[in-house]
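**Q** Take this structure first; my questions come after.
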Amino acid sequence: MDRFFLSLNKVEDWIDNHLPYFYKNKKSLLEYHQMTLYGDRVDMKSVDILLKCYNSQYQSLNNLMNSDEIYYRKIEYLALMSLKDYRNSREYRLKILNLFNSGFLHQLLLGDIPLDILLSREHLYAITHDIFYTSIFSKDKSIFENIDQNKLSSILELSLLISIKRKDIDVIMELMCCLSILNIPISDYILEISVSILANSQVDNGFFIYDEDRPLLDKIEDFFPKVYHTTLVANILNKLIKNNMNYSELFLSKATEVKPDRALELLQNITVESIDLLYEKMKNDSEEYSYRIEKLKTYKEIIAVYILIHLFYENIKTVEKLLVIYERVGGEVKLFRNRLIELL
């Protein structure tokens, strides 16, 4: 059996053994209660606690809907209400549909926003939270059934590739939860690398930690704030995998030691730091920047990411077009052309 799949079972024990630490902070406590809503059962006590938090802040649904609260938080509230007030569940779900249709993921699927925006970590979180709450914490994926599954799969795969390059275990974990909720198949290669990164980020007694935070491991008070969120998401993933036989089989079949091949080597030839710096510079160039692809052509590192991705999928014609643009803005095309020749 796969070591990572087995290790996920340790996560719930670690959370249960450290409950007092969750109660020390309002944010960690609320996230703990969010975690309990996934899987095949609903903890109504957690629903009540989360609704009480929203109600204390906004007093009414109208106040929340008319506030400047980020839209997926409004979807979360409606999802909680659909669980609490099941007689009016249809009404709440229609409101969720309206919010989803005007939200970030739907606009991305329609092609209204170029995919380059996914280089922003904030927007990757917008995708995962869109899916978490629109699916009523994994209980209802009907809204997603009328969406182009190929487009959705491509967006999630691209998001995973970007997060793999960053070794961003939190976002990788959330994206894999989304794949399980929606039962969307992805490339075996991407799944194997994701599993490998997550497995190598798990500490023996169950929790997950970023490499840069490992020096804090001596004291629970120091590392708990750094690890609790990703570990809660790991427990959500564990619940979802157990309830989804397709993904149970996928995870059980994955090795946790992945040898680098062509795609991984390509991904290593660009630094995320340069992407992030250029992306921030790009955003700050104009307050009214609308994420048009023309604006991105001057940033060769971003174009390079797309060349890497299309090389991985062996989209030869697209790579050739991108190489023309890349060379025009001063990019070094020799490496990419060598890889392209190997495919021809």
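The values are calculated or read from the model by the stated rules, or taken from the named source; none is laboratory data. Just so it is clear, the model here is predicted, and its values are computed rather than measured. Ideal geometry is used to build each Cβ from the backbone, glycine not excepted, and the neighbour counts take in all protein chains shown.
**Q** Scanning the stretch 310-332 for residues that are under 29 Å from the mean Cα position of the chain (by Cα) and not in a helix (DSSP H, G or I), which turns out modelled with the lowest pLDDT?
**A** Among those that are under 29 Å from the mean Cα position of the chain (by Cα) and not in a helix (DSSP H, G or I), it is 313.
**Q** Tell me, which helices (runs of 4 or more DSSP H) wholly within the stretch 87-196 include 2 or more residues that are aromatic (Phe, Trp, Tyr) and modelled with pLDDT of 85 or more?
**A** Working: elements: 89-101, 104-110, 121-134, 149-166, 169-182.
Because the criterion is at least 2 residues that are aromatic (Phe, Trp, Tyr) and modelled with pLDDT of 85 or more, the helices (runs of 4 or more DSSP H) in the stretch 87-196 that meet it are 89-101, 121-134.
For every residue, the table says whether it meets (1) over 22 Å from residue 53 (Cβ atoms); (2) touching a residue at least 60 places away in the same chain (Cβ under 8 Å).
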site	(1), (2)
78	no, no
106	yes, no
113	yes, yes
122	yes, no
128	no, no
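**Q** On to the next question. Answer yes if at least one residue in the stretch 71-85 is part of a loop (DSSP other than H, G, I, E, B), in the same structural domain as residue 234 (by TED's automatic domain parsing) and either touching a Phe, Trp or Tyr at 6+ places or on another chain (Cβ under 8 Å) or buried (at least 18 other Cβ atoms within 10 Å of the Cβ) (or both), and no otherwise. Working first, answer last.
**A** First, the residues of the stretch 71-85 that are part of a loop (DSSP other than H, G, I, E, B): 85.
From what's left, in the same structural domain as residue 234 (by TED's automatic domain parsing): 85.
Subset that is either touching a Phe, Trp or Tyr at 6+ places or on another chain (Cβ under 8 Å) or buried (at least 18 other Cβ atoms within 10 Å of the Cβ) (or both): 85.
Yes; the residues of the stretch 71-85 include at least one that is part of a loop (DSSP other than H, G, I, E, B), in the same structural domain as residue 234 (by TED's automatic domain parsing) and either touching a Phe, Trp or Tyr at 6+ places or on another chain (Cβ under 8 Å) or buried (at least 18 other Cβ atoms within 10 Å of the Cβ) (or both).
**Q** So the check is Cβ under 9 Å with 6+ separation or different chains; which pairs have a first residue in the stretch 203-230 that's surrounded by fewer than 17 Cβ atoms within 10 Å (Cβ to Cβ) and a second one that's assigned to a loop (DSSP other than H, G, I, E, B) and acidic (Asp, Glu)?
**A** Correct list of pairs: 210/168.
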